[in-house]
Structure formats: C-alpha cells, structure tokens
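The values are calculated or read from the model by the stated rules, or taken from the named source; none is laboratory data. Keep in mind the model is a prediction, meaning the values are calculated, not measured. Don't worry about glycine lacking a Cβ; one is built from the backbone with ideal geometry, like all the others, and counts go over all protein chains shown. The protein model used for the area step is the full one, side chains on, heavy atoms only, and it has no ligands, DNA or RNA in it. Shrake-Rupley method; radii C 1.70, N 1.55, O 1.52, S 1.80 Å.
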Amino acid sequence: MGLRLTVPRRFDGLAAHAARWTLRVADGRIAAVDAAAPAAGGGAGAVVGDPLLDLDLGDEDATLLPGLVDAHVHLAITNTDPATRELPPGLLALRMLRNGHAQLRAGVTTVRDLGAPDGLDEQLRRAYAEGLATGPRLFRAGRPLVAPGGHAAFMGQPVASPDDARRAVAAAAAAGVDWVKLMATAGLSTAGAEASEQQLPDAVLRAAVAEAHAAGLPAAAHAVAGPGVRAAILAGVDSLEHGYALGADDVAAMRDHGTTYVPTRTVVRQVADALEIDGSRPPARAQAAARLADATHADAIRRAHAAGVPIVAGTDYQHGALPLEVALLVAAGLTPTEALRAATSVAARLLRRPDLGTLAPGARADLLVVCGDPLRDVRALRAPLLVVLGGAVVWCAPALARRGVAARPGA
Ligand SMILES: [Zn+2]
C-alpha cells in the first residue's frame, strides 16, 4: 500500500524544515518529496478503501522524522539479575518480541543488538522475516567475545588468546553476524570485578578487530573506563560503547582513529536510580558503581562532543527508552538537532546504511511522526503519533486510529 503523508514540519536526519510538505511512499521506500499541494477536496484524514493511505497532518502541531535508531540494545536482556540468566530460551524469545515491540512503539525502527545468548537474535530476525511478529530492523552481534568468566560470560564466547579471538570472530562471521562485539572491560554489574578492570588483553583486542575487519565486519567494544578504553580504541574498534569516564587522551585517540562513541547514558541512570524491570532491581553494588559512573559520564560526552567525535544514541536494556537517551544527550551539551542526528543519520552512518535515518528519496520508508516540535524540546519524542516501518504503519496513536489509520496485523 502506498502512503502519502503531509506534515507542517520535518527533521530530515540532518536539519529541520518548517514548511507544509508532502512525502510519498511506494514499495517500502520514500518515492518523492514535494512542497505540499493544498489538501485535495478538503479531505483531511485517511482515505478509507483507497489503496493509498493519504494522511494530511498539515494543520496539526506535528513533526515528521526518520524512524529512530537505537544503536545499543540487547533485546534478550531486561535487567542485571543473575537469575534471569537461567531463564529458558522460549521465555526469553517471548520477552524479545515484547521488547522489540516496545522499541517500535517508541518510534525506533532500527536496533543494533550487541549481544544475545544462544543465537536468539538470529532466531528473532527469522521470526520477523517470516511475519510471525513485527519488530524493528535488527542488526546483530550474536555472542560477544568475552574474557573467560568475565563480563557477560553467560552469553559470550570465551577467548583467552589472540588465536581464540580469531576463531571466535570466524565463528561469528559464519553465523551471519553484522557486528563483532568485544567485552574489553568489566561492567557495572560484573561480579568480582571493578567496572573499570580491563578484561580482554590488548593483543586479543587487536587480533579480534583485525579479523573482523578482514571479514568485512565492524567491531564494537564495551569499554566503560580505565586502560581497556584506550586499548579498544587503539585496536581500531568502530564504536566505543559506554565510556563512562574518558580522559583527554582517550578522546584525542577516538578523534584520530575515527571511533564513534555510543555513551548509553540511559543505562547508567537506570542502574543508579535502581529502576525495577521484569521484577528485578540492580544490586546495591551496581547502583554504587553507576553513581560513580554518572559523576563523570556527562563530562566524557561533553569532551568527546567538543572534539568532534561522532556521538550515537543507544540505551542498552531499557527497551523503548531512546527518547530518554536523546534528552540525556541534550542535558550533556548536544543541541536538540545534534541529539536527533545521533538517533538518526549519525547512527545510520555507524551502521553503514545511508538508506536509513534520512527522509531522502530512495531511502527506506521508516518514519516517525510526533506531536509537537522535538527541535525545540526533545521531550516531544515521548508523544509519538505514527510509526511506519518499510512503508507499513506499525503503530498509531488512538487519535489517528479514530481517523481510520490502522496498524498492520501483527504489529
Ligand atoms: Zn550492552
């Protein structure tokens, strides 16, 4: 079904434009964009029974954006509780469906899943492809490379040497991953280790990244603080995840190596604030580590931003919280426009997908319409009106449902 959408204001992934404007979609892609003609026949609203969904929001206080990208999620994970690491895969798979749907409802049409146990991320992608459920476009890393017994060992491939790392990357590539994920340091919730402890040695990081790049795969490193941050950057990872504390030398190294920074401010706040998800709150030890991280994180973001390091929005395991991450990036010094780029065009560049995160003709028709103007106040992202994935409406607010707009079955 084609789609024609008229809006009074848009953010195209790079900049805002305040003018009535019509976007047309065909075959899942943005077909053309025009300065809007006046509404035909006074027919605002959906044209029921027409194969073309024609929605005129030109007189509403609404903004059209590309569908958002959450560049750091784990759809199989919702909290730090070790007991949930033992859950049966069927239950985890159902939670993943719910979590993917929460992302869509928040306007997130693409996620990069940076680690899942047991091939669940690949199975979820197959379920989406088979039409069993509707969820965001899924870029996946499969099982991360971890130190034996280290951070995220429950879902990782343990590697103790450069040869292990090369074998693990080859196995991941054979399993069809889009990214290679490395747990360079411990984390807020690692039992028996300080969060800043380096866990994968320099030589292992270098071997893994070189092997990934030789296979045409980008690499992402979980590195929260301490020497593992620099080691990951110098090893050549494409994105540095978390980076709760970054020194001036770390930031200079990121700038020199073209490293993208995905700070995941959301997870620090979530753990520091002891948010309960799926029946579990972070343990006191993780809360204390998160409060320490919180004290330096905004400074790290400010410093990287000032140095021109690309910053991309990611949340970790609070699904549908990307609007919060965008607001936290603004609180850390990005302008609303820069923070929205971090969740659209800059994220798409990290994913090497110029057809995402943009409203340009030919791009995938992944769209978000929100009430209000997020360029003035990014909190407007919390009020989605319409979410479109590949040209299909996958979520709409009750106000639009009353006008005859319907999300496709399974969404
Ligand atoms: Zn993560």
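Looking at segment 68-350 alone, DSSP beta bridges between its own residues are antiparallel in about 10 percent of cases. Sorting 3-12, 302-311 by their mean Cβ neighbour count within 10 Å, with the most densely packed peptide first, gives 3-12, 302-311.
Note on segment 112-235: Rg/Rh from Cα positions, Kirkwood definition for Rh, rounded to two decimals, is 0.99. For the peptides 356-364, 103-111, 223-231, the ranking by packing is 103-111, 223-231, 356-364, with the highest mean count of neighbouring Cβ atoms within 10 Å listed first. Size of segment 62-183 from its Cα atoms: along the principal axes, largest to smallest, the extents are 53, 29, 27 Å.
Could you check how much of the accessible area of the chain is carbon and sulfur, as a whole percent, using a 1.4 Å probe? Answer for the chain is 53 percent, counting heavy atoms of protein chains only. Close amide H contacts of Gly142 (hydrogens built in the peptide plane, cut-off under 5 Å, sequence separation of 5 or more or a different chain): Gly115, Ala116. Shown for the chain is the translational diffusion coefficient from the Stokes-Einstein equation, using the Kirkwood radius over Cα pairs, a temperature of 10 °C and a viscosity of 1.306 mPa s: 74 µm²/s.
Only helical runs count toward this figure. For the chain, summing -39,500 (n - 2.57) over DSSP H runs of n ≥ 4 and dividing by all residues gives -9500 deg cm²/dmol at 222 nm. Rolling a 1.4 Å probe over the protein heavy atoms gives the chain an accessible area of 38 Å² per residue. Diagonalising the gyration tensor over the Cα atoms of segment 302-411 and scaling each eigenvalue by 5 before taking the square root yields semi-axes of 26, 17, 12 Å, largest first.
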